[in-house]
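Encoded as structure tokens, the structure appears first; notes follow it.
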Amino acid sequence: MEYWHACWDWECPTLFGVDFVQFDQVLSEWPDIQKRDEDVAALAAIGSLRELLMGASAQPKSAIQSVIGIPYGRAASLLEQLNQT
């Protein structure tokens, strides 16, 4: 989420389903999200991962581990699991 916070542009609200103020609040509270904000946090977190891996501004697969701490394959597998639930 820190990556997208720094790279926020006019498309991000459409891509993530949250506006910058909401995204900023999720990031500032992460991982201790208030129950009332769980849906917003989920949109921000899942949208960030999806766009980082597969969006128009996706990072190269070789760079993913340095950005999020796990390799691309593992991150893609986790995203696929999220999409199935």
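Below are the figures for this structure:
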| item | result |
| --- | --- |
| Members of the stretch 60-84 that are in contact (Cβ under 8 Å) with a residue 24 or more places away in the chain and over 11 Å from the mean Cα position of the chain (by Cα) | 67, 75, 78, 82 |
| Pair list, Cβ under 9 Å, 6 or more apart: the stretch 22-49 residue in contact (Cβ under 8 Å) with a residue 60 or more places away in the chain and part of a loop (DSSP other than H, G, I, E, B), other residue aromatic (Phe, Trp, Tyr) and buried (at least 17 other Cβ atoms within 10 Å of the Cβ) | none |
| Count of the stretch 50-73 residues which are within 19 Å of residue 7 (Cα to Cα), of a type in the set (A, V, I, L, M) and part of a loop (DSSP other than H, G, I, E, B) | 2 |
| Residue that is farthest from residue 67 (Cα to Cα) [pool: residues in the stretch 1-51 that are hydroxyl-bearing (Ser, Thr, Tyr) and surrounded by fewer than 16 Cβ atoms within 10 Å (Cβ to Cβ)] | 14 |
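Only the coordinates and a few stated rules stand behind these numbers; no lab work does. Everything quoted here is computed from the prediction, not taken from an experiment. Virtual Cβ from ideal backbone geometry, glycine too; neighbours counted across all protein chains shown.
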